[in-house]
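Below: one structure, written as structure tokens.
The values are calculated or read from the model by the stated rules, or taken from the named source; none is laboratory data. Computed from a predicted structure; not experimentally measured. Here the Cβ is made from the backbone with ideal geometry for all residues, glycine too, and neighbour counts use every protein chain on show.
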Amino acid sequence: MITFPANPADITIFILAAGRGERMRPLSNTTPKPLLKVLGKSLLEHHLQRLATQGFQKIIINVAHLGQKIIDTIGGGQSFGLDIIYSFEENGALETLGGVRNALDKIQSEHFLLLNADIWCDCDFRSLLAHQPEVAHLLMTTNPSHHPEGDFILEESGKLSLGLPGDGLTRQTYTGIGIYNKSFIASLDKGYSLLGPLLRAEIKKNKLSGSMHHGQWFDIGTPERLIQVNQLLLK
């Protein structure tokens, strides 16, 4: 029997679902990107079913663009055996970091899992519970064809680094999945805020760690990629 250093039922999951999905137009004009379907089921449903199977219970979903459609479709989580609450960004999406900071009072655990809704991944989210980072621990993967340059360098020590332009070092891609420290996020200002600049700043301070995901992972960023993912998974 596999044991984990923290009980998944005690950990809050924050699912980012507020983005407009500009690159997914025209599909995202009428359907929020998290409700687009892979293998006949929405991306959000795939996440929720996997989380429920792995023992997680507390879910926060932030919504903005067509957010009521997400709420109407998913509801309070009873059909998944989950407790789902929503953070509605009424004046428009606050971006990743801003959305999390805006709903921080809803997060019940010291560390929380942050998850992009617009990806498909077969990972075991419980593996991240082994980490209790000062700032964040990111799940990394090999670079997809549409992002060959990657994001960060995962060192043998488990620390993340940036490297220098043209240094020839191999970078990996951030999956959009990580475990974050609530106290650190609470120290930041509220309002519209991007996550990327914060991650790079903290990596420069040697504050971020990471681990590799070796299974399936797809960033569903465009209509073409949505078609490709469905075709690949059907095979």
Inset, instruction - Looking at (1) surrounded by 13 or more Cβ atoms within 10 Å (Cβ to Cβ); (2) more than 30 Å from Asn29 (Cα to Cα); (3) modelled with pLDDT under 95, find the lone condition where Asp219 falls short. - result: (2)
Legend entry - First in the stretch 30-41 and over 19 Å from Leu232 (Cβ atoms), second anywhere and surrounded by fewer than 18 Cβ atoms within 10 Å (Cβ to Cβ) and of a type in the set (Val, Ile, Thr), Cβ under 8 Å, 6 or more apart: Leu35/Thr73
Legend entry - Condition check for Ile70: assigned to a helix (DSSP H, G or I) and surrounded by 15 or more Cβ atoms within 10 Å (Cβ to Cβ): yes
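Out of all the residues in the stretch 52-74, which are at positive phi and at pLDDT 95 or above?
The initial filter retains those residues of the stretch 52-74 that are at positive phi, namely 55, 66.
Listed by number, the list holds a single entry, Gly55.
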Inset, instruction - Scan the stretch 143-157 residue by residue and report those that are among the hydroxyl-bearing types (Ser, Thr, Tyr) and either within 21 Å of Gly215 (Cα to Cα) or under 18 Å from the mean Cα position of the chain (by Cα) (or both). - result: Ser145
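What number of residues within the stretch 177-210 satisfy the criterion of being of a type in the set (S, T, N, Q), surrounded by 14 or more Cβ atoms within 10 Å (Cβ to Cβ) and either out of contact with any strand residue (DSSP E or B) (no Cβ under 7 Å at 6 or more places or on another chain) or without any contact (Cβ under 8 Å) to a residue 24 or more places away in the chain (or both)? Write out each step before concluding.
First pass over the stretch 177-210, keeping only residues of a type in the set (S, T, N, Q): 181, 183, 187, 193, 206, 209.
Next, from what is left, pick out any that are surrounded by 14 or more Cβ atoms within 10 Å (Cβ to Cβ): 181, 193, 209.
Then drop every residue that is not either out of contact with any strand residue (DSSP E or B) (no Cβ under 7 Å at 6 or more places or on another chain) or without any contact (Cβ under 8 Å) to a residue 24 or more places away in the chain (or both), which leaves 193.
Qualifying residue count, the stretch 177-210: 1.
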Inset, instruction - Specify which of the listed residues (Leu139, Leu128, Leu114, Leu160) is farther than 13 Å from Gly210 by Cβ, crowded, with 16+ Cβ neighbours inside 10 Å and not β-branched (Val, Ile, Thr). - result: Leu114
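Which residues, taken from the stretch 192-210, are over 15 Å from the mean Cα position of the chain (by Cα) and either assigned to a loop (DSSP other than H, G, I, E, B) or more than 20 Å from Gly19 (Cα to Cα) (or both)? Steps first, please.
The first filter runs over the stretch 192-210 and keeps only residues over 15 Å from the mean Cα position of the chain (by Cα), leaving 192-193, 197-198, 200-209.
The answer is Tyr192, Ser193, Arg200, Ala201, Glu202, Ile203, Lys204, Lys205, Asn206, Lys207, Leu208, Ser209.
What do you reckon, is Gln49 modelled with pLDDT under 95, touching a strand residue (DSSP E or B) at 6+ places or on another chain (Cβ under 9 Å) and part of a helix (DSSP H, G or I)? Before you say what the answer is, go through the steps one by one.
Values: modelled with pLDDT under 95: no; touching a strand residue (DSSP E or B) at 6+ places or on another chain (Cβ under 9 Å): yes; part of a helix (DSSP H, G or I): yes.
No: the conditions fail for Gln49.
Restricting to the stretch 92-122, name every residue that is assigned to a helix (DSSP H, G or I), under 12 Å from the mean Cα position of the chain (by Cα) and not aliphatic (A, V, I, L, M).
In the first step, residues of the stretch 92-122 are kept if they are assigned to a helix (DSSP H, G or I); the result is 95-102, 104-106.
Checking which are under 12 Å from the mean Cα position of the chain (by Cα) leaves us with 96-97, 100.
Answer for the stretch 92-122, where residues must be assigned to a helix (DSSP H, G or I), under 12 Å from the mean Cα position of the chain (by Cα) and not aliphatic (A, V, I, L, M): just Thr96.
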